[in-house]
Amino acid sequence: MSTLLPDGAAVLTRQLQKARHAPALLALTQTMPIMLLLFFGYVFGSALAMPGSEYREFLVPGLLAATAANGLMTGMFTAAQDAHRGVADRFRTLPMSRAAVPLGQTAADLVTTAVSMVPLILVGLAMGWRVENGLPGALGALGVLLLFRFATSWVGAYLGLVSRSEEAAGQLGSATFVLPMLSSAYLPTGGLPGWLRTLAEWNPISAVATAVRTLCGNAGGEAAAGAAWPAAHPVAGAVLWSVALLALFGPLAARRFARGRG
């Protein structure tokens with residue numbers, strides 16, 4: 001335990017250096033949410049009951065939540081790549097804490113996510129999105145987003161470690177793109193059929209998106225009548241979802257890494 005933080009910091013440095021040498025991947029992760037914001041904001045915004053500016057105010061927090069949820073995909077890719085290319089085996093031969101490797105990987109993902117959110121926020125501001133609750137609301141929203149990103153990256157790390165191959169992890173990771181579609185990230189859930197609305201409201205991404213809207217004072221932060229508990233208490237729901245995922249998948253990922261493939 002005494003070596004966990006220093007060893008984790010060493011892995012964090014390695015991951016950041018690795019990311020620095022993959023500028024194309026960093027550019028893709030930064031431009032994709034911006035492209036979605038422009039597309040949904042100006043195409044869907046004109047076709048919904050919400051006026052365009054109100055929809056963009058609703059949409060930006062949803063895209064930030066979807067970006068946070070992508071920790072599932074990036075965590076999976078990173079863990080599977082190291083596991084199936086022998087890097088994890090080399091780490092296990094070193095006198096270091098076994099939990100330090102997934103900790104360093106997820107911490108590096110958290111750092112790169114914080115940086116990659118900046119262009120999306122700037123474009124959102126240029127499109128008319130505003131944080132109505134001032135600096136405390138903005139900091140609270142950022143904290144919720146980064147906590148959720150950290151939690152989902154641990155889920156991804158575990159799934160990457162148990163994957164059969166890099167290709168399998170890539171296919172499963174790509175499939176996670178649909179998860180924000182089944183939430184309130186892009187559209188309000190009030191008009192969905194009963195069973196689909198229930199599924200969307202219990203989706204952790206919905207809680208995070210609504211929590212960001214609530215903390216920022218944006219449209220869509222209020223709960224619809226008859227909403228499920230996470231939708232009615234979005235900030236508490238987002239934090240509890242994140243803590244639950246960390247409590248479950250943190251130990252699972254560390255234990256799986258220590259055990260190795262087999």
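If only residues of segment 224-238 that are under 9 Å from Ala211 (Cα atoms) and either assigned to a helix (DSSP H, G or I) or among the hydrophobic types (A, V, I, L, M, F, W, C) (or both) are counted, the one that is nearest to the chain's Cα centre (by Cα) is Ala238. Output yes when any residue across segment 81-91 is among the β-branched types (Val, Ile, Thr), touching a Gly at 6+ places or on another chain (Cβ under 8 Å) and farther than 18 Å from Trp241 by Cα, and no when none is. Scanning segment 81-91, I find no residue that is among the β-branched types (Val, Ile, Thr), touching a Gly at 6+ places or on another chain (Cβ under 8 Å) and farther than 18 Å from Trp241 by Cα, so the answer is no. Looking at segment 203-219, which of the residues that are within 21 Å of Thr106 (Cα to Cα) and β-branched (Val, Ile, Thr) is surrounded by the fewest Cβ atoms within 10 Å (Cβ to Cβ)? Within segment 203-219, the match that is surrounded by the fewest Cβ atoms within 10 Å (Cβ to Cβ) is Ile205.
When segment 220-262 is limited to residues that are under 26 Å from Arg130 (Cβ atoms), surrounded by 20 or more Cβ atoms within 10 Å (Cβ to Cβ) and small (Gly, Ala, Ser), the one that is modelled with the lowest pLDDT turns out to be Gly221. Per this entry, Val212 is counted among residues that are farther than 17 Å from Gly71 by Cα and of a type in the set (Val, Ile, Thr). Just to be sure, is Gly170 touching a Phe, Trp or Tyr at 6+ places or on another chain (Cβ under 8 Å), surrounded by 13 or more Cβ atoms within 10 Å (Cβ to Cβ) and either part of a helix (DSSP H, G or I) or hydrophobic (A, V, I, L, M, F, W, C) (or both)? So Gly170 passes the test.
Conditions (1) out of contact with any Pro (no Cβ under 9 Å at 6 or more places or on another chain); (2) closer than 30 Å to Gly137 by Cα; (3) at pLDDT 85 or above, marked per residue:
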site	(1), (2), (3)
Ala10	yes, no, yes
Phe39	yes, yes, yes
Ser53	yes, yes, no
Glu57	yes, yes, yes
Asp82	yes, no, yes
Val115	yes, yes, yes
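Tell me, which residue of segment 130-167 that is hydroxyl-bearing (Ser, Thr, Tyr) and assigned to a helix (DSSP H, G or I) is farthest from Phe58 (Cα to Cα)? This residue is Tyr158. Counting just the residues of segment 103-136 that are over 19 Å from the mean Cα position of the chain (by Cα) and of a type in the set (Gly, Ala, Ser), which one comes out nearest to Gly220 (Cα to Cα)? Taking the candidates together, the pick is Gly128.
Any chance segment 73-95 includes a residue that's closer than 23 Å to Gly217 by Cα and surrounded by fewer than 18 Cβ atoms within 10 Å (Cβ to Cβ)? Checked against the condition, which is being closer than 23 Å to Gly217 by Cα and surrounded by fewer than 18 Cβ atoms within 10 Å (Cβ to Cβ), segment 73-95 yields no hits at all. Can you find even one residue in segment 193-202 that is of a type in the set (Phe, Trp, Tyr), part of a helix (DSSP H, G or I), surrounded by fewer than 21 Cβ atoms within 10 Å (Cβ to Cβ) and on the phi < 0 side of the Ramachandran plot? Taking every residue of segment 193-202 in turn, at least one turns out to be of a type in the set (Phe, Trp, Tyr), part of a helix (DSSP H, G or I), surrounded by fewer than 21 Cβ atoms within 10 Å (Cβ to Cβ) and on the phi < 0 side of the Ramachandran plot. Contact map, segment 181-206: residues that are in contact (Cβ under 8 Å) with a residue 40 or more places away in the chain and farther than 17 Å from Tyr55 by Cα paired with residues that are buried (at least 16 other Cβ atoms within 10 Å of the Cβ) and not polar (S, T, N, Q), Cβ distance under 7 Å, separation 6+ or inter-chain. Pairs shown: Pro204/Trp241; Ile205/Ala65; Ile205/Ala66; Ile205/Ala69; Ile205/Leu179; Ile205/Pro180; Ile205/Ala185.
The values are calculated or read from the model by the stated rules, or taken from the named source; none is laboratory data. Every value quoted in this text rests on a predicted model; they were computed, and no experiment measured them. Cβ sites come from the backbone with ideal geometry, for glycine too, and all protein chains shown count toward neighbours.
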